[in-house]
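Data block below; observations after.
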Amino acid sequence: MSTDAKAVVPLGHVVIRFAGDSGDGMQLTGDRFTSETAGLGNDLSTLPDFPAEIRAPAGTLPGVSAFQLHFADHDIMTPGDRPDVLVAMNPAALKANLKDLRAGCTLIVNTDEFTKRNLEKVDYASNPLEDGTLDSYDVQAIGLTSMTVEALSGFDITKKDAERAKNMFALGLLCWLYSRPTQGTIDFLKAKFAKKPEILAANIAAFEAGWSFGETTESFAVRYEVKPAPMRAGLYRNITGNPALAYGLIAASQQSGLPLFLGSYPITPASDILHELSKHKNFGVVTFQAEDEIAGIGAALGAAYGGALGVTTTSGPGIALKSETIGLAVSLELPLIVVDVQRGGPSTGLPTKTEQADLLQAMFGRNGEAPVPIVAPRSPGDCFDAAFEAARIAITYRTPVLLLSDGYLANGSEPWAVPDAASLPAIDPGFATEPNHDGEFWPYLRDSETLARPWAVPGTPGLEHRIGGLEKADGSGNISYDPDNHDHMVRLRQAKVEAIARSIGPLEVDDPSGEARVLVLGWGSTYGPIGAACRAVRAEGGNVAQAHLRHLNPFPANTAEVLRAYDRVIIPEMNLGQLALLIRGRFLVDAISYNQVRGMPFTSEELASTITDVIESL
Amino acid sequence: MTATDLPMPGLALVPRTDEKQSAKDFKTDQEVRWCPGCGDYAILAAVQGFLPELGLRKENIVFVSGIGCSSRFPYYMNTYGMHSIHGRAPAIATGLALTRPDLSVWVVTGDGDALSIGGNHLIHALRRNVNLKILLFNNRIYGLTKGQYSPTSETGKITKSTPLGSLDHSFNPVSLALGAEASFVARTMDSDRKHLTEVLRRAAAHEGTALVEIMQNCNIFNDGAWEPLKDSETSDDRMIRLADGQPVVFGKDGSKAVVRGEAGHIVVADTSEVDPAEIIVFDSHADDPGLAFALSRLADIHSLENTAVGVFRDVQRPAYDRLVREQVASVQAQGEGDLQSLLRGKDTWTVS
């Protein structure tokens with residue numbers, strides 16, 4: 001690429017949204033732009049947003065697929081509430097996304113797709129490029145398809161293949177506009193099309209043509225630059241939540257010495273964990289695609305009984321099906337990790353959209369008193385640590401653990417400081433090897449500190465025993481229908497889960513002023529948006545404290561103390577107040593619930609004004 | 001010849017013991033709580049009596065069950081055991097067998113547990129051919145919930161939930177298993193200790209999923225359900241005992257024979273009226289399950305006439321758990337995973 005003579009304007013941060021038809025390759029375009037941006041050292045956060053349909057009818061609103069990327073020269077916490085730049089590959093993409101644009105934003109529009117037929121498909125009575133609809137935006141009307149086809153006229157490929165390369169033209173243009181490096185994309189294309197040299201050459205040519213267009217056209221007077229963000233020294237990569245979660249499980253398997261067994265049934269948006277783990281058999285990982293959700297968790301529990309690190313992965317509807325087996329695992333007191341990548345509900349709901357409305361299902365969705373520890377990651381990279389923590393609790397306390405990720409964490413990405421494998425703690429499974437009671441083995445004789453029962457795996461001589469879902473006598477584990485014993489066992493199982501609080505850190509509060517009277521308490525993927533809202537409030541002179549729960553059951557030991565230190569507690573959630581219900585019930589704190597249930601990541605703007613209102617009301 | 005002299009590919013990786021075992025070694029201190037007279041007692045005794053001849057280390061045997069009367073079985077076996085939840089035992093046992101080739105894994109289930117609530121897990125275990133031995137106690141009734149009809153109850157059955165007679169068409173467990181690609185399918189009787197033991201021996205030796213339907217009497221809610229096959233007056237006339245390499249004849253003095261009918265299906269004929277060369281010769285090892293299926297269909301679900309028993313099918317097909325282990329091993333043979341390089345990935349940058 002040649003150097004250009006246009007002025008370079010520095011920017012602090014930019015939000016770009018690529019939007020097009022499901023078949024336009026918007027996710028790939030976004031991924032590539034993200035990779036170049038990560039390599040440049042910007043802080044970033046991404047939000048893929050795609051329909052549940054694989055290929056909805058071309059050119060229609062349901063078929064629109066988008067990828068939003070926020071990148072900056074400072075640390076950022078969200079993929080951005082609204083885009084600064086929208087790339088719209090067709091009228092449907094324009095129509096679906098225009099409402100999110102502020103006046104004055106840049107709109108890059110592929111004019112070739114604004115045909116009468118395509119306009120009719122989305123009920124545009126007249127062409128928005130011509131009727132004044134877009135007067136308040138900086139519109140760059142470009143024939144992306146025709147220019148791509150023209151640039152590729154010398155190649156021996158079909159017109160269809162040439163047209164398909166238009167996303168690379170757009171990517172090249174955006175890379176020029178924001179001064180992104182290009183070599184990574186060229187290397188990526190070389191690997192992707194290694195076996196199709198003509199397609200490879202065409203894609204590279206389209207990419208370079210897009211870059212050159214930016215350089216030569218008079219439409220763009222300036223280009224922009226976003227300098228690297230200052231970050232803690234170290235080695236970084238970009239990562240999305242599902243692979244990070246899978247790596248956390250593999251790390252826990254390595255650090256515990258327990259072979260990893262995944263029993264799973266495909267479900268959006270959790271399937272990528274199954275896909276990822278199935279690639280890592282070199283770690284001895286066994287992945288089992290079961291006949292249904294129930295068999296997935298059943299097999300994982302069977303493997304756990306045999307001494308493996310048993311894991312099952314699913315989304316909300318799958319948890320509903322697995323509930324009975326989770327209850328069995330509570331009764332058997334075996335380690336088991338149940339991953340719920342939450343999506344919009346109820347029922348099939350919004351398969352590709354995010355939500356955090358499974359908290360109460362995780363907490364209470366079983367018959368009887370069946371307490372289950374709950375761990376929730378706060379960001380895509382944090383899925384690694386949360387998975388490792390879930391495994392620690394499961395193995396140490398012999399209990400199923402629910403790990404509550406969500407669709408945004410699963411598919412969203414951020415720069416991730418690569419963990420040092422050597423400094424990860426060991427997890428001791430502490431298998432039982434000897435009789436523990438007068439020469440006999442009692443499978444329900446507990447550790448006095450953790451209240452965990454011994455884990456004696458088949459194949460251990462002398463410790464043969466039977467366990468099951470019927471109530472067991474304390475200690476011996478024999479079937480018992482004794483009323484007092486049942487009352488005791490119900491309390492013991494609860495006490496065991498509560499004892500976990502002794503092994504987790506305190507709830508930390510971020511209050512730079514030290515004078516905040518309002519606390520914002522969150523959990524899960526709202527961490528970034530809540531943090532961004534708190535920053536916005538503070539930037540306007542307001543004092544607000546933020547605390548975020550990784551452990552939802554049990555809560556950290558100091559939770560009550562933290563909550564009582566503030567005059568008001570606001571709990572923002574992507575549900576109708578599930579954590580708020582728990583906090584109110586457990587701590588008698590009159591928490592203010594703030595809710596968005598739009599299937600999209602939490603946005604900060606409105607939350608910031610709610611926080612300010614609460615501060616001002618004091 | 002005892003079973004231990006036979007090759008037992010299904011147990012090849014399970015450690016053996018030199019210690020002499022007896023049935024007593026497999027009994028627990030738990031009081032057996034089936035109803036007096038229940039057919040389950042006979043099955044328990046047969047299993048405890050037969051296991052010593054396998055010579056396995058007892059800690060390497062696991063019984064997994066679901067819910068129902070039969071599923072109490074693991075509590076009475078002094079091995080490892082799990083009494084799980086309704087219908088799910090094959091799924092749980094699959095996870096165990098996949099990860100622990102050194103275990104002999106047995107599933108104990110009933111007609112409601114395996115064929116109604118757990119039907120899906122059963123058919124998928126069979127098609128995968130996981131190294132499990134499934135003992136299906138079929139009493140044609142729900143016992144533990146006190147007497148509702150089951151998926152093997154005959155149509156028209158009067159029960160608490162069907163006072164006017166059930167309208168359901170029933171499953172034939174052997175036909176179902178053969179249709180589900182099972183590599184080993186057998187049917188036997190709780191009260192016929194010798195036949196039951198022979199079938200168990202062959203099931204134990206088999207590598208892959210073995211389904212053994214055990215016709216079992218519930219003397220409280222469905223007493224006499226199998227009586228026409230048990231009563232010595234009537235059983236010979238009704239029961240077809242399958243034996244490899246033997247012509248399929250039954251009835252008093254071999255008076256009945258199974259032959260090919262005109263349309264290619266099989267029929268029962270008077271032995272005296274057919275050419276001996278036309279009598280079907282049975283082979284449980286045949287690749288094609290067609291004949292086994294046809295034999296399973298001869299039975300009349302009401303009168304129990306022409307009910308075949310024995311090993312219907314016993315063929316070799318790679319066990320799923322072995323294939324899984326081989327796939328993992330082949331990857332690991334090219335180098336075990338390194339956690340740090342996994343975490344690092346391909347695209348990184350350094351901030352200094």
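How big is segment A:237-422 along each principal axis, measuring the range of its Cα positions in Å and listing the largest first?
Result, largest extent first: 44, 37, 27 Å.
Between segment A:62-107 and segment A:235-310, how many Å separate their Cα centres?
Segment A:62-107 and segment A:235-310 have Cα centres spaced 34 Å from each other.
When the solvent-accessible surface of protein heavy atoms is calculated with a 1.4 angstrom probe, in what order do A:W176, A:W442, A:W211 fall, highest first?
A:W442, A:W211, A:W176
Within chain A, which complete DSSP H helices have Cα atoms spanning at least 20 Å along the helix axis and a mean Kyte-Doolittle hydropathy of 0.0 or higher?
Helices meeting the span and hydropathy rule in chain A are A:197-216, A:241-256, A:316-332, A:382-397.
Using 0.36 nm times the number of residues separating A:D567 and A:E498, minus their current alpha carbon distance, what extension gain do you get?
22.1 nm
Write down the percent of antiparallel bridges among all DSSP beta bridges whose residues are both part of chain A, to the nearest 5.
Close to 35 percent.
Can you pull the percent of segment A:430-503's accessible area that's carbon plus sulfur, 1.4 Å probe, other chains left in place?
Carbon plus sulfur share of accessible area: 50 percent.
Given the rule -39500 (n - 2.57) for each run of at least 4 DSSP H residues, summed and divided by the residues of chain A, what is its mean residue ellipticity at 222 nm, to the nearest 500 deg cm²/dmol?
-11000 deg cm²/dmol
Taking all pairs of different Cα atoms in segment A:430-503, averaging 1/r and flipping that mean, what Kirkwood radius in angstroms comes out?
Computed over segment A:430-503, the radius equals 13.1 Å.
Identify the residues of segment A:143-168 with backbone N under 14 Å of a label point that sits 7 angstrom from the Cα of A:E198 along the Cα-to-Cβ direction, or state none.
Within reach of a label on A:E198, which here means backbone N under 14 Å from a point 7 Å along Cα→Cβ, segment A:143-168 contributes A:152-163.
Once label points are set 7 Å from the Cα along Cα→Cβ at both A:K116 and A:S179, what is their separation, rounded to one decimal in nm?
In this crude spin-label approximation the distance works out to 4.7 nm.
Relative to the first principal axis of the alpha-carbon coordinates of chain B, what is the inclination of helix B:320-332, with its axis defined by its Cα atoms, in degrees from 0 to 90 and to the nearest 10?
20
How large is the helix-only mean residue ellipticity at 222 nm for chain B, computed as the sum of -39500 (n - 2.57) over DSSP H runs with n ≥ 4, divided by its residue count, in deg cm²/dmol to the nearest 500?
Helices in chain B give a 222 nm mean residue ellipticity of -7000 deg cm²/dmol.
Could you work out the mean projected area of the convex hull around the alpha carbons of segment A:11-139, in square nanometres to one decimal?
If you wrap the Cα atoms of segment A:11-139 in a convex hull and average its projections, you get 7.8 nm².
Could you please report the charge total around B:N139, scoring K, R as +1 and D, E as -1 over all other residues with beta-carbon less than 10 angstrom from its beta-carbon?
-3
When ranked by the protection proxy of mean other Cβ atoms within 10 Å per residue, highest first, what sequence do the peptides A:191-199, A:92-100, A:501-509, B:110-118 form?
B:110-118, A:92-100, A:501-509, A:191-199
Could I have the simple spin-label model distance between A:I186 and B:I158, label points 7 Å from Cα toward Cβ, reported in nm to one decimal?
8.8
Using Cα atoms only, what is the angle between the long axis of helix B:89-99 and the major principal axis of chain B, expressed in degrees (0 to 90) to the nearest 10?
The two axes meet at around 40 degrees.
Report, as a whole number in µm² per second, the diffusion coefficient that Stokes-Einstein gives for the protein assembly as shown at 10 °C and 1.306 mPa s using the Kirkwood radius over alpha carbon pairs.
In µm²/s, the coefficient rounds to 50.
Using r as the Cβ-Cβ distance of A:H275 and B:D168, and R0 as 41 Å, what FRET efficiency do you calculate, to the nearest 0.05?
Given R0 = 41 Å and the Cβ-Cβ separation, E is 0.50.
Can you pull a Stokes-Einstein diffusion coefficient for segment A:509-617 at 25 °C (0.890 mPa s), Rh from Kirkwood over Cα pairs, as a whole number of µm²/s?
D = 179 µm²/s.
Summarise the accessible area of chain B (1.4 Å probe, protein heavy atoms) by the percent that is carbon and sulfur.
Ligands and nucleic acids excluded, carbon and sulfur give 51 percent.
Could you tell me how many degrees, from 0 to 90 and to the nearest 10, lie between the Cα long axis of helix B:119-128 and the main elongation axis, the longest principal axis, of the Cα atoms of chain B?
Compared with the principal axis, the helix lies near 70 degrees.
Per residue, what volume in Å³ does the convex hull of the Cα atoms of segment A:219-339 enclose?
171
For a 27 Å ceiling on Cα separation, which of these pairs sit above it: B:K27/B:K160; A:K279/A:K322; B:K27/B:K194; B:K24/B:K194; A:K160/A:K196; B:K146/B:K252?
B:K27/B:K160; B:K146/B:K252
Quick one: which residues, 5+ away or cross-chain, put their amide H under 5 Å from the amide H of A:Y224? H built at 1.01 Å from N.
For A:Y224, whose amide H was placed from the backbone, the distant partners under 5 Å are A:V9, A:Y178, A:S179.
Where Lys and Arg each count +1 and Asp and Glu each count -1, what net charge lies around A:P10 among other residues with Cβ under 12 Å from its Cβ?
Here the count lands on 0.
At q = 0.14, 0.16, 0.18, 0.33 Å⁻¹, what log₁₀ I(q)/I(0) does segment A:573-618 have when each alpha carbon counts as one equal point scatterer in the Debye sum?
Rounded to two decimals, the profile gives -0.40, -0.51, -0.63, -1.09.
From the phi angles alone, apply the Karplus equation (6.51, -1.76, 1.60; θ = phi - 60°) to segment B:166-181 and give each ³J(HN,Hα) in whole Hz, x where the residue is Gly or Pro.
Each residue's phi maps through the Karplus curve to give 6, 9, 6, 7, 9, 7, 9, x, 5, 4, 4, 5, 5, x, 8, 6 Hz.
What whole-number value in Å² describes the accessible area per residue of chain A for a 1.4 Å probe?
Accessible surface, normalised per residue, equals 37 Å².
Would you grab the residues whose amide H sits under 5 Å from the one on A:M600? Only those 5+ places off in sequence or on another chain, please, with H modelled 1.01 Å from N.
Close amide H contacts, sequence-distant or interchain: A:T354.
Treat each spin label as a single point 7 Å out from the Cα along the C-beta direction, and report the A:E218 to B:D237 distance in nm.
Simple spin-label model gives 10.7 nm for this pair.
Let me test this: with uniform point scatterers at the alpha carbons of chain B, what is the Debye-based log₁₀ I(q)/I(0) at q = 0.08, 0.11 1/Å?
Log10 I(q)/I(0), no solvent term: -0.42, -0.74.
Find the relative contact order for segment A:19-72 and round it to a whole percent, using C-alpha pairs within less than 8 Å whose residues are 6+ positions apart.
Here the relative contact order equals 50 percent.
To the nearest 0.05, what FRET efficiency results for B:E326 and B:I301 with a Förster distance of 45 Å applied to their C-beta separation?
Computed FRET efficiency for B:E326 and B:I301 comes out at 0.60.
Would you mind classifying segment B:134-182 by shape? Square roots of the alpha carbon gyration tensor eigenvalues, ordered a ≥ b ≥ c; an a/c under 1.5 is rounded, otherwise it is prolate if a/b is larger than b/c and oblate if not.
Verdict is oblate for segment B:134-182.
If you take the accessible area of B alone, add that of A alone, and subtract the area of the pair, what total do you get in Å², probe 1.4 Å, to the nearest 100?
5100
Would you please give the FRET efficiency between A:S617 and A:A539, computed as 1/(1 + (r/R0)^6) with r the Cβ-Cβ distance and R0 = 22 Å, to the nearest 0.05?
0.65
With the cut-off at 1.5 for a/c, could you classify segment B:172-243 from its C-alpha gyration tensor as rounded, prolate or oblate?
prolate
Checking the a/c ratio against 1.5 first, then a/b against b/c, what shape does the Cα gyration tensor give for segment A:7-225?
Rounded is the answer for segment A:7-225, as its axis ratio a/c remains below 1.5.
Amide H neighbours of A:I337 under 5 Å, counting only residues 5+ apart in sequence or on other chains, H built in-plane at 1.01 Å?
When sequence neighbours closer than 5 places are left aside, the close amide H contacts are A:G310, A:V311, A:T312, A:V401.
The values are calculated or read from the model by the stated rules, or taken from the named source; none is laboratory data. Bear in mind the structure is a predicted one, so any value in this text is a computation, not a measurement. Using ideal geometry, Cβ is built from the backbone for each residue, glycine included, and neighbour counts are taken over all protein chains shown. With ligands, DNA and RNA removed, areas are computed over all heavy atoms of the protein, side chains included. Shrake-Rupley method; radii C 1.70, N 1.55, O 1.52, S 1.80 Å.
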